Amino acid sequence: MVIGISIFVGTVGAILRFAITPPANQHGFNIHTGGIILMIVGAIGLVFSVIFWRGASPFVHRVQSSSHVEETVTKEGDEQGRIVLQTETRDHVAS
């Protein structure tokens, strides 16, 4: 939805900039400048939405695996147990 809104804002900006001719005696708000601003805002919104939605893409599957490693450490004849937790995250891209 954010991508659609960004495209819409950019399109309205392009229409204001390229398709509308302001009257010669226009004072105050400049339609062409407003169109350029809307195109820039639409482009920035599109870039941010693509960056933030990249992690929620259906084509990227995040796999997290964890394993327990038990180590027995002997120190002067006494056994001490230690558990080490290893976690690994990988991104797999589906073709």
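Values quoted throughout were computed directly from the atomic coordinates according to the rules given, and no laboratory measurement underlies them. From a predicted model like this one, the values you see are computed outputs, not experimental measurements.
Of all the Cα-Cα pairs you can form in the stretch 2-56, what percent are over 17 Å apart? Please list the in-between numbers first.
Working: 638 of 1485 pairs.
Pairs farther apart than 17 Å: 43 percent.
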Would you mind calculating the relative contact order of the stretch 2-56 from Cα pairs under 8 angstrom and at least 6 residues apart, reporting the percent as a whole number?
-> 51
